[in-house]
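Here, each number is a calculation from the coordinates, and none is a lab measurement. Here the structure is a predicted model, which is why all the values come from computation and not from measurement. So basically every Cβ, Gly included, is an ideal-geometry build from the backbone, and we count neighbours across all protein chains shown.
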């Protein structure tokens, strides 16, 4: 296609540079028509060859946006995904789609005084959310920070110790902050990612076109792109799956932490929280005045990362 | 005159139309709450079933309490007492006359399941945070029943510093970053920044 474009542009009369060609209306139209023709031919060729196993089915290709799907349509889609997973891995999975709970807005808090950087949360998250080891995708990065400093340029997520915590270090796990003003959502050209009423920012992997604008827009580097088809051993697949969270992803789509919405919307605590050996992680409903998360926000000196960007994260840090 | 009137009317209309327009609502957190959803109940996990030698009276019944500080050679030899400046040896916290109970400084007896009250008699700030759910590990349901571990689940009362742990495996490095560079990002190499 790139070669076609160059040929088309080069063929313009007097067209020494692309800029000059654009100024020539007639030339531009001709170039456009040539490009359009080539694109149509390429599409027809791809359709004819079938383009391998990752090509969408007709039903998938013609489906509506998630928000416009009826309950029946959703059930059909979930059943198809379950069948595909069964055929590919031999594992029987169950895909649910729990809706946001009325009156609930989630928030997370992390006590940096007690986090010991053991990365138990990272691995628990990987198992819960069906994250591949090769290529390695992890939603949580734990930074080893210099004591008394919040300077990320002096911090590293690449540490390994026998005895944690290391002297004069503290540890700061960073994951999706589920911003109330999420720049990633604004960046998406096809509305494949959006903020739910309970504050969780979700991605419909079937709608994502893989442009990665959201990955660049996120100031916390919380989104991950599947450069290749993720491969998870069948015995490590979590069969309890959510359509908008840990269902199978595929090459060319973006994914991220969803506060384990397939668990949390059913009332459970997130997997990373339960795996934390030090109890540094706290989660709950911001709208409940008696919740632990509200007490933390009201009584501790909480802070958010990159507050100056006005992303309004739902992920708070504190020392206590 | 007419022009001036028209200008005034125009200005008023402009103010009415645009001046008071709310425009785009500023992003605000947590406004317009529906009624709060209660977050369920908390149960403190029982400690006694996990104590292999409980009840203590099974052995201590026919022994005379010895409050002297000494090296234990017969039983409890693995216990290392490394917990602040303690006087009174075992019987600072365990009860001479009722060995199956602990006691607070005012003499109130508490069970091993209520050990947090004893811890809290010195570490009041931590007890306050723990009771509010801000300290310690809680698992289960944020919307429903959840279980909270009391202090001895994480802190050995005789040696309460949280034990050192080994880190889970290191994240794999991006192809463009060397191990040295990744582990010491503040030390510049080849004169290049990071």
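Relative to the compact-globule estimate of 2.2 N^0.38 Å, the Cα radius of gyration of the range A:113-256 comes out at 1.12.
Across peptide A:272-281, the average count of Cβ atoms from other chains found within 10 Å of a residue's Cβ is 4.
Note down the nm distance, to one decimal, between modelled labels 7 Å out along Cα→Cβ at residue B:48 and at residue B:92. The answer from the label model is 2.6 nm. Assuming R0 = 60 Å, can you tell me the calculated FRET efficiency for the pair residue A:72 and residue B:106, based on Cβ-Cβ distance, to the nearest 0.05? It comes to 0.35.
Modelled this way, with points 7 Å down the Cα-to-C-beta line, the labels at residue A:102 and residue A:236 are 4.2 nm from one another.
Take the alpha carbon gyration tensor of the range B:46-123, find the square roots of its eigenvalues, order them as a ≥ b ≥ c, and report rounded if a/c is under 1.5; if not, report prolate when a/b exceeds b/c, else oblate.
Verdict is rounded for the range B:46-123.
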